[in-house]
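First up is the structure itself, then whatever we jot down about it.
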Amino acid sequence: MKIVDLRRKLLPDYSVIPFLLCAVGQLIAYYLSRVINYSFRGMPETFPDIGTDLDRAIPVWPVWSIIYFLSYLFWFISYVWVSRESKEMCNRLLTADMMGKLICAVIFVIFPTTFLRPAVDTSTFDGWLLNFIYQIDQPDNLFPSMHCSVSWFSARFVFKCEKIPKWYKIFAFVAAFMVFASVLFTKQHVIIDIFAGVFVAEACTQIASRTKLHKLYDKLDIGRFYERKEKRRKG
């Protein structure tokens, strides 16, 4: 079976380029903002810490690092499932996602924040995993929480889809709130980061759902490329 046929079993043609742009948005939000901040502001320890006494009172539970890590799988499954609902639903989701990432990138540069991380016992698997997360992810780009915004996008757009079963719609909201808890118990974010992340995601969801911005993606459907290629092959 051709690679294209295998890919089509997972992602429709119309979703390929929007998904690639989604990945570009992720790179811009996380890495370009870091390059700018590190070049002009210094390292994260120089950024303001907006954590409250309540945030500092929340205990560290390394076991929640498993939920934090599994959130990437939750996003992937949800985004793919929504993309298979319809071209319009796919484009609305990825339009909202791109807007959210660009908004977060701007805030990361304008208002960079940090949060003091605790020492972690690495003798257990969950402790090792949490320490691994700390090593690969600097304590910056915190406000708003993109972990929470993407989780909210996943739950909100899954709920809008008619082809997705009810059990997964319920699971998506439960999973989103578990991700919210995980960012606190792993000390990856503070409470206000969660609210800001959800606010950005919901605002972008409303804009993408009520406007025609998603039509900007309509011409990025590579299915027409394959159709022309097949016609040339047969002709």
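The values are calculated or read from the model by the stated rules, or taken from the named source; none is laboratory data. Keep in mind the model is a prediction, meaning the values are calculated, not measured. Note: ideal-geometry Cβ built from the backbone for every residue, glycine included; neighbour counts use all protein chains shown.
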| task | Quick one: in the range 9-19, of everything that is in contact with a helix residue (DSSP H, G or I) (Cβ under 9 Å, 6 or more places away or on another chain) and assigned to a helix (DSSP H, G or I), which residue is surrounded by the most Cβ atoms within 10 Å (Cβ to Cβ)? | result | Ser15
| Close pairs from the range 60-84: first over 23 Å from Asp126 (Cβ atoms), partner β-branched (Val, Ile, Thr) and outside any helix (DSSP H, G or I), Cβ under 8 Å, at least 6 apart | Trp81/Ile164; Val82/Ile164
| Considering only residues of the range 135-148 that are part of a helix (DSSP H, G or I) and at pLDDT below 95, which is nearest to Ala29 (Cα to Cα)? | Ile136
| Enumeration of residues in the range 1-42 that are under 30 Å from Thr114 (Cβ atoms), in contact (Cβ under 8 Å) with a residue 24 or more places away in the chain and of a type in the set (Phe, Trp, Tyr) | Tyr30
| query | Which of (1) in a helix (DSSP H, G or I); (2) surrounded by 10 or more Cβ atoms within 10 Å (Cβ to Cβ); (3) over 19 Å from the mean Cα position of the chain (by Cα) does Gly51 not meet, given it meets every other one? | reply | (1)
| query | Does any residue of the range 166-177 turn out to be touching a Phe, Trp or Tyr at 6+ places or on another chain (Cβ under 7 Å), over 21 Å from Cys22 (Cβ atoms) and of a type outside the set (Phe, Trp, Tyr)? | reply | yes
| request: Specify which of the listed residues (Leu70, Leu6) is assigned to a helix (DSSP H, G or I) and modelled with pLDDT of 95 or more. | output: Leu70
| query | Only one of (1) part of a helix (DSSP H, G or I); (2) at pLDDT 95 or above; (3) buried (at least 16 other Cβ atoms within 10 Å of the Cβ) is not met by Tyr30, so which one is it? | reply | (2)
